[in-house]
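Below is one structure; the comments refer to it alone.
The values are calculated or read from the model by the stated rules, or taken from the named source; none is laboratory data. Since the structure is predicted, the reported quantities are computational estimates derived from the model, not experimental observations. Note that each Cβ is placed from the backbone with ideal geometry, even for glycine, and that neighbours are counted across all protein chains shown.
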Amino acid sequence: MSRVDACIGVPEGTKTEGQVALQIIQGGPHAVCRFEIRPEDFRKSWEEAFVWLADSEYECDDRPCYEIYRNDARQHPEGKWIVDICMPLKIGR
């Protein structure tokens, strides 16, 4: 089983209820890997991003990783998503 959160930006002070919760993504250094991919390639992109991170001089922090979608794949000529995979980095390395 996997855990997935779907998020949107909301104004400060927004109230939530029920299964909708407010989550704040903390700032700080992040590795950002941009991919232009078909829907079936999301897993491969995450794997490639973490292989890059493991081979780098950086270390992933305990904060959540996340994706930022830069387009609507239905409007892409090849039906691809442009997505940033964002991995928080430990500070002080």
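Consider only pairs whose beta carbons are under 9 Å apart and that are at least six residues apart or on different chains; among these, list those whose first residue lies in segment 20-31 and is at positive phi and whose second residue is charged (D, E, K, R) and modelled with pLDDT of 85 or more.
As it stands, the answer is Gly28/Asp61; Gly28/Arg63, since those pairs meet every condition given.
Quick check: is even one residue across segment 56-72 touching a residue at least 40 places away in the same chain (Cβ under 8 Å) and in a strand (DSSP E or B)?
Within segment 56-72, one or more residues are touching a residue at least 40 places away in the same chain (Cβ under 8 Å) and in a strand (DSSP E or B).
Quick test for you: out of Glu17, Glu47, Glu12, Glu40, pick the one residue that is among the acidic types (Asp, Glu), exposed (fewer than 10 other Cβ atoms within 10 Å of the Cβ), without any contact (Cβ under 8 Å) to a residue 24 or more places away in the chain and not in a loop (DSSP other than H, G, I, E, B).
Values: Glu17 fails: not in a loop (DSSP other than H, G, I, E, B); Glu47 fails: exposed (fewer than 10 other Cβ atoms within 10 Å of the Cβ); Glu12 fails: not in a loop (DSSP other than H, G, I, E, B).
It is Glu40.
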